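Take a look at the structure below.
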Amino acid sequence: MKANRLTRNAIAMTGITIIALYLLVIFVSTFWLPFDPVEMDVDHLLEGPSLATGHLFGTDEFGRDILSRIMKGTSISLIISIAATALGAIVGTTMGTWAGYLGGLWDHWLMRVADVMFSFPSLLLAIFVMAILGEKTYNVIIAIGIVYIPQFARISRGAILTIKSSEFIKAARSNGASSTFILRKHLLPNILVPLIVQVSLSLSVAILLESSLSFLGLGVQPPAPSWGNMLSGARKVMVLAPWTAIYPGLAIVFLVLGFNLLGDGLRDILDPRLRNVR
Amino acid sequence: MGKYIATRLLSLIPVLFGVSLIVFFLVRLIPGSALEMYMGTQVEATPEQMIELQRIFGEDKPVLVLYVEWLGRILKGDFGYSLRTGRAVLPDILSRLPLSLELTVIALFLALIIGIPQGILSSLRKNPISDVLNRIAGLLGLSLPQFWLASLMVLAFSNTQGWIPMGNYIKFSDDPLRNLRMMILPSLSIGIGLSAVIMRYTRNSMLEVLQMDYIRTAKAKGLAKRIVIIRHALKNAILPVITVAGFNTGYLLGGAIVIEEVFALPGMGRLALYAIYQRDYPVIQAIVLVIATLFVLVNLLTDIIYSLVDPRIRLDNGAKHA
């Protein structure tokens, strides 16, 4: 039933197709890349896209093949986004569900902390955390994860609050089920819908945040290719060689669009209450 | 109304207190003291000299005492001194703040004048194909990285005089017209994402309102379609749009950090980045504190504006974080 709705929903399917294409690129790039993504080639600096040389997207200021770097960068960007979203989702949801379920002082303080975290624009918070942790790839995961923790905490808490007082939870409790059991077996499955949508949208924002950090030199460090640091390198040469700036940017746009389409489509499919409001 | 604003203002105090805790203690997590960073790698000091220096700089006290002293100074407007230039931090920030605020305000303005008409138009043309196309267009707007858009604008306008600031920034007070001209592209690259959000909300909200009975009545009375849409529908549909625009204004301020770098605009974002590159922690702390405070104030202002246009909100005191 749900799969059938999914195929009918053009928006979500377009998103899935785009994401699948990127996963295919990652799969292919583990076995084969047109050129070595980090090897410099001084004979082919800033060459335009051409079939004859084999550099389909051209070369950058060090003569490196842009297509190969984009392919390699796909797995770097995607792994960071997935890990950061997972970090934020796991920590945030754990905190939020417990806060919503237990209520009281724990809930009060946790939500005050979340309020404080929400006082920072997300990019600023990520930049600030990077400035403190230092520019390492794994720190990007932590920085973006920290941005996400309050978001997931607030969403899961809200969802828990709406179903906490329903009859079947009371029944479970009067049967002597432990809090952990109730949370895991009864509450979590029922709040999955808003969480799944949030995960999809968070993945899209994580890619934007990672590329912004890398663009500013605070994220993935060269020579490892990430779409953001490729664009950063392109700034100095893009007037001479526009392809250095155009293709990595398109790679970001389409993947982010894929996750946004999936998230938007899933919201329609999974949450019947929202379906008519779009 | 005055009471509502007062309670909301009071509720800011614990939040800002929390912000100050984070800003102070996160920086303390960095390995090595501020003093070592100040000395850099050029100067060698014996352990005895270090202790003496710590005493001179007041770094030998317990960290809680340092926090209270720091907060006390901040409240008096003393944000400390840059580790690199030795200049007072606050005047440097204040001289760069207007540019960042100008960027934010123009970006918000552009987002509204692009997003609202787009949203209205797309809500009027309702068929499955334009429906899907509109949603994809809206999501595409959300998917564009601001800094990439900015880079493309620099690329496209690199041969056109006066549109790209690049090193010869002209202040608004010196020449308003030339200033505005060079602020348009940077503001547009920050605002386009928000315009997509506004477009989506306007459209949703219009679709909801247009189904209502009073709209049908207005149409049945024989009023012109234009009047029904603008006077009757838009007036009610615009409410959620105001909230969304307001709560996103703070994010525009965050976006300014990256965009100022791309266009070489001497704003607060650029100051922040250089402070980060040079590990100039007093400057970083001060800027994060200033931006977070502005962010919280803008959100408060949004709440207040919303309660002014929609009197129902004031009745349940701010209990609306759905």
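Here is how the numbers come out for the structure above:
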{"item": "Residue check for B:ILE190: within 14 Å of chain A (Cβ to nearest Cβ), touching a helix residue (DSSP H, G or I) at 6+ places or on another chain (Cβ under 8 Å) and assigned to a loop (DSSP other than H, G, I, E, B)", "result": "no"}
{"item": "In the stretch B:133-153, the residues that are crowded, with 20+ Cβ neighbours inside 10 Å, assigned to a helix (DSSP H, G or I) and either at the interface with another protein chain (Cβ under 8 Å from one of its Cβ atoms) or touching a strand residue (DSSP E or B) at 6+ places or on another chain (Cβ under 9 Å) (or both)", "result": "B:ARG135, B:LEU139, B:LEU142, B:SER143, B:GLN146, B:PHE147, B:TRP148, B:SER151"}
{"item": "Test: residue in the stretch A:217-240 that is more than 28 Å from A:GLU61 (Cα to Cα), of a type outside the set (Gly, Ala, Ser), within 17 Å of the chain's Cα centre (by Cα) and part of a helix (DSSP H, G or I)", "result": "no"}
{"item": "Matching residues in the stretch B:49-71 - criterion: being among the acidic types (Asp, Glu) and not in a helix (DSSP H, G or I)", "result": "B:GLU59, B:ASP60"}
{"item": "Residue that is surrounded by the most Cβ atoms within 10 Å (Cβ to Cβ) [pool: residues in the stretch B:72-101 that are of a type in the set (S, T, N, Q) and part of a helix (DSSP H, G or I)]", "result": "B:SER100"}
{"item": "Residues (more than 7 Å from chain B (Cβ to nearest Cβ) and part of a loop (DSSP other than H, G, I, E, B)) located in the stretch A:111-138", "result": "A:PHE118, A:GLY134, A:GLU135, A:LYS136"}
{"item": "Residue in the stretch A:186-201 that is at the interface with another protein chain (Cβ under 8 Å from one of its Cβ atoms), in a helix (DSSP H, G or I) and not aromatic (Phe, Trp, Tyr) present", "result": "no"}
{"item": "Count of residues meeting criterion [away from chain A (no Cβ under 11 Å), more than 23 Å from B:LEU301 (Cβ to Cβ) and assigned to a loop (DSSP other than H, G, I, E, B)] in the stretch B:238-284", "result": "2"}
{"item": "Subset of the stretch A:120-149 (residues that are surrounded by 24 or more Cβ atoms within 10 Å (Cβ to Cβ) and farther than 21 Å from B:PRO145 by Cα)", "result": "A:ALA131"}
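One line per residue, one yes/no per condition, for (1) touching a residue at least 24 places away in the same chain (Cβ under 8 Å); (2) in contact with a helix residue (DSSP H, G or I) (Cβ under 8 Å, 6 or more places away or on another chain); (3) closer than 26 Å to B:LEU294 by Cβ:
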{"residue": "B:ALA196", "(1), (2), (3)": "yes, yes, yes"}
{"residue": "B:THR202", "(1), (2), (3)": "yes, yes, yes"}
{"residue": "B:ASP213", "(1), (2), (3)": "no, no, no"}
{"residue": "B:LYS221", "(1), (2), (3)": "no, no, no"}
{"residue": "B:ILE229", "(1), (2), (3)": "yes, yes, no"}
{"residue": "B:HIS232", "(1), (2), (3)": "no, yes, no"}
{"residue": "B:THR243", "(1), (2), (3)": "yes, yes, yes"}
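Per-residue answers, yes or no, for (1) modelled with pLDDT under 90; (2) farther than 27 Å from A:LYS236 by Cα:
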{"position": "B:THR217", "(1), (2)": "yes, yes"}
{"position": "B:ALA220", "(1), (2)": "yes, yes"}
{"position": "B:ALA233", "(1), (2)": "yes, yes"}
{"position": "B:PRO240", "(1), (2)": "yes, yes"}
{"position": "B:ALA272", "(1), (2)": "no, no"}
{"position": "B:ARG279", "(1), (2)": "yes, no"}
{"position": "B:ILE287", "(1), (2)": "no, yes"}
{"position": "B:LEU300", "(1), (2)": "yes, yes"}
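The values are calculated or read from the model by the stated rules, or taken from the named source; none is laboratory data. This one's a predicted model, so the numbers in the text were calculated from it and none came from an experiment. Reconstructed Cβ throughout: ideal geometry from the backbone, glycine too, with neighbour counts over all protein chains shown.
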